[in-house]
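Participant: Take this structure first; my questions come after.
Just so you know, all these numbers are worked out from the coordinates, no wet-lab data involved. Bear in mind the structure is a predicted one, so any value in this text is a computation, not a measurement. So basically every Cβ, Gly included, is an ideal-geometry build from the backbone, and we count neighbours across all protein chains shown.
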Amino acid sequence: MEWWYPFLALAAFLGMEVVAWTTHKYIMHGLLWILHKDHHQPHQHFFERNDTFFFVFAIPSWLCIMLGLMYQTYGAVWIGGGIALYGLCYFLVHDVFIHQRFSWFRNTNSAYFAAIRKAHKVHHKHLNKEDGECFGMLWVPIQYFKEARRSKNKHG
């Protein structure tokens, strides 16, 4: 194994935040709003059309890992692993922590996670595809982080 392969995974992981932000803003809130709309509407279903984006983001990871192993191009395997790790973090932060689709991580005392939750609430205050804001997942605008820290300091 080359010493720099883990850096490929890290670069892929960090790059996915840019890809996720861009895709969320311009594709999910644009051309493919029909798939994302139910995520912004109240509903009683466990699954959403929006969940199809899981497959859209999983395909590049799967292809990198599979083709990298088939052709012994291990850098591609590490890139696919970084994308997959981002997908896991997205699932844990967005679906589990923020939207509580599973009963895990309900009580956290972290200003960072409070800022993520606040930024996502701001994003979801818009029920239509226009006027959206806060399209990222892990990168939190500084104003929400400061607000969460102030709130944490005020309440203990």
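Participant: So, in nm, how far is label Leu69 from label Phe46 when the simple model puts each one 7 Å beyond its Cα toward the Cβ?
Facilitator: Each label point is offset 7 Å from its Cα along the Cβ direction, giving 2.8 nm.
Participant: For region 76-140 and region 1-47, what is the separation of their C-alpha centers, rounded to whole Å?
Facilitator: Using only Cα atoms to place each centre, the spacing works out to 10 Å.
Participant: I would also like to ask the following. Before rounding to the nearest 500, sum -39500 (n - 2.57) across all DSSP H runs of length at least 4 in the chain and divide by the residue total; then give [θ] at 222 nm in deg cm²/dmol.
Facilitator: Values: 6 runs with 85 residues, N = 156.
Computed mean residue ellipticity for the chain: -17500 deg cm²/dmol.
Participant: Next question. Quick check: pseudo-label points 7 Å beyond the Cα along Cα→Cβ at Lys154 and Ser110, how many nm apart are they?
Facilitator: In this crude spin-label approximation the distance works out to 2.3 nm.
Participant: Total Lys pairs in the chain closer than 14 Å by alpha-carbon, pairs eight or more apart in sequence or interchain only?
Facilitator: Pairs that pass both the separation and distance tests number 7.
Participant: Still on this model: Loop only per DSSP, at most 14 neighbouring Cβ atoms within 10 Å: give me the GluC sites (Glu not before Pro) in region 105-156, ordered by residue number. Let's see the in-between values first.
Facilitator: Values: sites: Glu130, Glu133, Glu147; in loops: Glu130, Glu133.
Passing both the DSSP loop test and the Cβ count: Glu130, Glu133.
Participant: OK, next. Can you list which of the trypsin sites (Lys or Arg not before Pro) found in region 30-101 are DSSP loop residues with at most 12 other C-beta atoms within 10 Å?
Facilitator: The qualifying sites: there are none.
Participant: Right, next: Who wins for biggest fluctuation among Gly30, Gly80, Gly136 in a Gaussian network model of the chain, springs between alpha carbons below 10 Å?
Facilitator: Largest GNM mean-square fluctuation: Gly30.
Participant: Apply the Karplus parameterisation 6.51 cos²θ - 1.76 cosθ + 1.60, with θ equal to phi minus 60°, to every residue of region 117-132 and state each ³J(HN,Hα) to the nearest whole Hz, in sequence, with x for glycine and proline.
Facilitator: Running phi through 6.51 cos²θ - 1.76 cosθ + 1.60 with θ = phi - 60° gives 4, 5, 4, 6, 4, 4, 4, 7, 5, 8, 8, 10, 7, 8, 6, x Hz.
Participant: Next question, about the same structure. Once both axes come from the Cα atoms, what is the angle between helix 5-23 and the longest principal axis of the chain, in degrees from 0 to 90, rounded to 10?
Facilitator: Value to nearest ten degrees: 50.
Participant: Find me the longest stretch of the chain that has none of the exposed chymotrypsin sites (Phe, Trp or Tyr not before Pro), where exposed means in a DSSP loop (not H, G, I, E or B) with at most 11 other Cβ atoms within 10 Å.
Facilitator: Looking at the chain, 105-156 is the longest stretch - no exposed chymotrypsin sites (Phe, Trp or Tyr not before Pro) with at most 11 other Cβ atoms within 10 Å.
Participant: Next up: Please determine, in degrees from 0 to 90 and to the nearest 10, the orientation of helix 142-154 with respect to the longest principal axis defined by the Cα atoms of the chain, where the helix direction is its Cα long axis.
Facilitator: 50
Participant: Now a separate question. Test of understanding: ordering Leu85, Leu67 by Cβ neighbours within 10 Å, fewest first, what list do you get?
Facilitator: Ascending number of Cβ neighbours within 10 Å: Leu67, Leu85.
Participant: Dipole magnitude of the chain about its Cα centre, charges +1 at Lys/Arg Cβ and -1 at Asp/Glu Cβ only, in debye to the nearest 20?
Facilitator: About 780 debye.
Participant: Of the trypsin sites (Lys or Arg not before Pro) in region 103-147, which ones lie in a loop per DSSP and count no more than 12 other C-beta atoms within 10 Å?
Facilitator: Counting only loop positions with at most 12 other Cβ atoms within 10 Å, the trypsin sites (Lys or Arg not before Pro) in region 103-147 are Arg106, Lys125.
Participant: With each label point set 7 Å from Cα along the Cα-Cβ vector, what nm distance links Leu127 and Leu88?
Facilitator: About 3.8 nm, to one decimal.
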